[in-house]
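**Student:** Let me begin by handing over the structure; questions about it come next.
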Amino acid sequence: MMSESNADEMMSPKPEHWIDEERQARMEMRLEELYSSIEELKRENEARNAPDKLGWDDIAQEIVGAVTFALPFLFTAELWDIAKDISIERSFLVFLMTLGLAYLFIVKSRIGNLKKEELFHIPKRLLTVTGISYFISAVLIYIYGINGLAHFTPGQYINATILVSTFAVIGAITVDMVK
């Protein structure tokens, strides 16, 4: 059965090469779309797998981690007693142990996909994590009045800061490595 539209096509058929050209143009357009989609996926994958460079988002994560892990230990009287009784030498050893542990986490553990960035041959993340953690611990002890409550001397205040910072450093590293 022949309809009016069929009759028109039969009366003036399109040349075969024209159909092939039209089909080829559509196929080329689709191929172009596929290529651009593949390239976009490749760029997204490279960005996702790229090592994490230290930035403001990492600093914010370190602050959150340091505060979160320091607060529970800040309010324990046992820690205050240890800060009063421990010698400054032992406190310094705790400080070195904390730095060593932080170094192992950041540089040697390969837990996070972190970009290797150094400042004077010291990993930048180690500097930021420890700096933030010790600063936050000292400030929190002051803000909450723990130094007055526990009647810390300046040496005991330093001891308390070092002890609380042990946990703050671990928290800062942990939260920073979570992506």
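**Student:** How many residues, within the range 135-149, are touching a residue at least 12 places away in the same chain (Cβ under 8 Å) and hydroxyl-bearing (S, T, Y)?
**Tutor:** 2
**Student:** Check whether at least one residue in the range 109-119 is modelled with pLDDT under 85 and part of a helix (DSSP H, G or I), and report yes or no.
**Tutor:** Taking every residue of the range 109-119 in turn, none turns out to be modelled with pLDDT under 85 and part of a helix (DSSP H, G or I).
**Student:** Being open to solvent by less than 100 Å² (accessible area, probe 1.4 Å), modelled with pLDDT of 85 or more and either basic (K, R) or outside any loop (DSSP other than H, G, I, E, B) (or both) is true for just one of L31, L96. Which residue is that?
**Tutor:** Exactly one of L31, L96 is open to solvent by less than 100 Å² (accessible area, probe 1.4 Å), modelled with pLDDT of 85 or more and either basic (K, R) or outside any loop (DSSP other than H, G, I, E, B) (or both), namely L96.
**Student:** Also, I was wondering about something else. Would the range 50-59 turn up any residue that is at pLDDT below 65, hydrophobic (A, V, I, L, M, F, W, C), open to solvent by 80 Å² or more (accessible area, probe 1.4 Å) and not in a helix (DSSP H, G or I)?
**Tutor:** Looking through the range 50-59, none of the residues is at pLDDT below 65, hydrophobic (A, V, I, L, M, F, W, C), open to solvent by 80 Å² or more (accessible area, probe 1.4 Å) and not in a helix (DSSP H, G or I).
**Student:** Would you check which residues across the range 140-168 are of a type in the set (S, T, Y), part of a loop (DSSP other than H, G, I, E, B) and within 19 Å of E89 (Cβ to Cβ) and list them?
**Tutor:** Within the range 140-168, just T153 meets the criteria.
The values are calculated or read from the model by the stated rules, or taken from the named source; none is laboratory data. Just so it is clear, the structure is predicted and the values come from calculations on it, not from any experiment. All Cβ positions, glycine included, derive from the backbone under ideal geometry; neighbour counts span all protein chains shown. Heavy atoms of the whole protein, side chains included, go into the accessibility calculation; ligands, DNA and RNA do not. Shrake-Rupley method; radii C 1.70, N 1.55, O 1.52, S 1.80 Å.
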